[in-house]
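K.L.:
Here it is, the structure in full.
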Amino acid sequence: PKPPFVPGIEFSGVVDGVGASVRGIKKGDRVFGFSKQNAYAEYVAVPREFILKMPRTMSFEDAAAFGVTSLTAYHGLVTLAHLKKGERLLIHAAAGGVGTAALQIARHLGATPYATVGSQAKMKIAEELGAEVVINYLEEDFSALIRNETNGEGLDVIFDSVGGKIMRRGWKLLAP
């Protein structure tokens with residue numbers, strides 16, 4: 001949007017008030033959700049369907065970071081790729097927001113995730129989240145390593161948040 005505007009599309013907080021026709025949410029509820037913009041403001045007004053109640057154990061920080069990253073990973077892996085137990089998956093940018101969500105979803109579904117990252121520090125993040133193999137694509141040839149790890153069989157799914165040359169190299173790793 002053109003300035004001036006308040007950025008942000010994800011938020012969490014405590015409900016300060018609700019419209020007369022709103023059901024299922026009341027003043028004082030801990031919630032998280034989406035807005036088209038303005039989520040970084042002190043107060044946000046959004047339609048009821050853009051809000052969910054927060055689980056008691058979830059922090060405001062986790063709730064605000066959950067939406068776009070987790071839903072993007074879920075949509076890509078479950079809705080589009082139909083990822084299943086036992087399938088092999090390569091997640092590029094596995095230490096970023098969407099990548100870490102994708103790793104967690106893949107493990108939850110029983111898939112075998114392989115991961116690429118761009119630094120040594122990010123390798124540890126991907127390992128801790130359950131990547132079977134973690135490759136620093138800036139230092140190693142991920143294509144050769146994946147071929148070796150899969151005995152030349154390839155991968156069932158590639159989740160690519162990088163694109164460009166990385167995407168073109170990944171296509172060749174897909175199993176028939």
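K.L.:
Using only alpha carbons, build the gyration tensor for the stretch 85-135 and give me the equivalent ellipsoid semi-axes, biggest first, whole Å.
P.N.:
17, 10, 8
K.L.:
Then there is this: Run through the stretch 14-98 and list the trypsin sites (Lys or Arg not before Pro) located in a DSSP loop whose Cβ has at most 16 other Cβ atoms within 10 Å.
P.N.:
R23, K26, K27, K36, R56, K84, K85
K.L.:
Could you give the length gained by full extension between E61 and K27, i.e. 0.36 nm per residue of separation minus their alpha carbon distance, to one decimal place?
P.N.:
This chain segment gains 10.2 nm when fully extended.
K.L.:
Heads up, I need the accessible area for S143: 1.4 angstrom probe, whole protein in place, Å², nearest 10.
P.N.:
20
K.L.:
Could you list the square roots of 5 times each eigenvalue of the Cα gyration tensor of the chain, that is, the equivalent ellipsoid semi-axes, sorted largest first and rounded to whole Å?
P.N.:
Computed over the chain, the values are 37, 17, 14 Å.
K.L.:
Follow-up question, since we're still on this one. What's the FRET efficiency of K165 with V6 using the Cβ-Cβ distance as r and R₀ = 41 Å, to the nearest 0.05?
P.N.:
Plugging the Cβ-Cβ distance into 1/(1 + (r/R0)^6) gives 0.65.
K.L.:
Obtain the radius of gyration and the Kirkwood radius of the stretch 1-59 from its C-alpha atoms and give Rg over Rh.
P.N.:
Radius of gyration relative to Kirkwood radius: 0.98.
K.L.:
Nearest-5 percent of antiparallel DSSP beta bridges in the chain?
P.N.:
Taking every DSSP beta bridge with both residues in the chain, the antiparallel ones total about 40 percent.
K.L.:
Something else: Show me the three semi-axes of the equivalent ellipsoid for the stretch 23-87, from the C-alpha gyration tensor (sqrt of 5 times each eigenvalue), largest first, rounded to whole Å.
P.N.:
Calculated on Cα positions only, the semi-axes equal 27, 14, 12 Å.
K.L.:
From Cα coordinates alone, what are the radius of gyration and Dmax values for the stretch 36-124 in angstrom?
P.N.:
Considering the stretch 36-124 through its Cα atoms, Rg and Dmax are 15.4, 45 Å.
K.L.:
To continue, here is another question. Taking 7 Å along the Cα-to-C-beta vector as the label spot, tell me the F50-K84 distance in nanometres, rounded to one decimal.
P.N.:
3.9
K.L.:
Each residue of the stretch 18-32 in order: what ³J(HN,Hα) in whole Hz does its phi give by Karplus 6.51 cos²θ - 1.76 cosθ + 1.60, θ = phi - 60°, with x for Gly and Pro?
P.N.:
My calculation for the stretch 18-32 gives 9, x, 4, 8, 6, 10, x, 9, 9, 3, x, 5, 7, 9, 9 Hz in order.
K.L.:
Still on this structure: Quick one: accessible area per residue over the stretch 82-176, 1.4 Å probe, rounded to a whole number of Å²?
P.N.:
I get 52 Å² per residue for the stretch 82-176.
K.L.:
Taking amide H positions as placed in the peptide plane 1.01 Å from N, state which residues far from N136 in sequence (5 or more) or on other chains have amide H under 5 Å from it.
P.N.:
Close amide H contacts, sequence-distant or interchain: V117.
K.L.:
Can you compute the helix-only [θ] at 222 nm over the chain? Use -39500 (n - 2.57) per DSSP H run of at least 4 residues, normalise by all residues, nearest 500 deg cm²/dmol.
P.N.:
Value at 222 nm, helices only, nearest 500: -9000 deg cm²/dmol.
The values are calculated or read from the model by the stated rules, or taken from the named source; none is laboratory data. No experiment lies behind these values; they were computed from the predicted model shown. Here Cβ is always computed from backbone atoms with ideal geometry, including for glycine, and neighbour counts include all displayed protein chains. Ligands, DNA and RNA are excluded from the accessible area calculation, which covers all protein heavy atoms including side chains. Shrake-Rupley method; radii C 1.70, N 1.55, O 1.52, S 1.80 Å.
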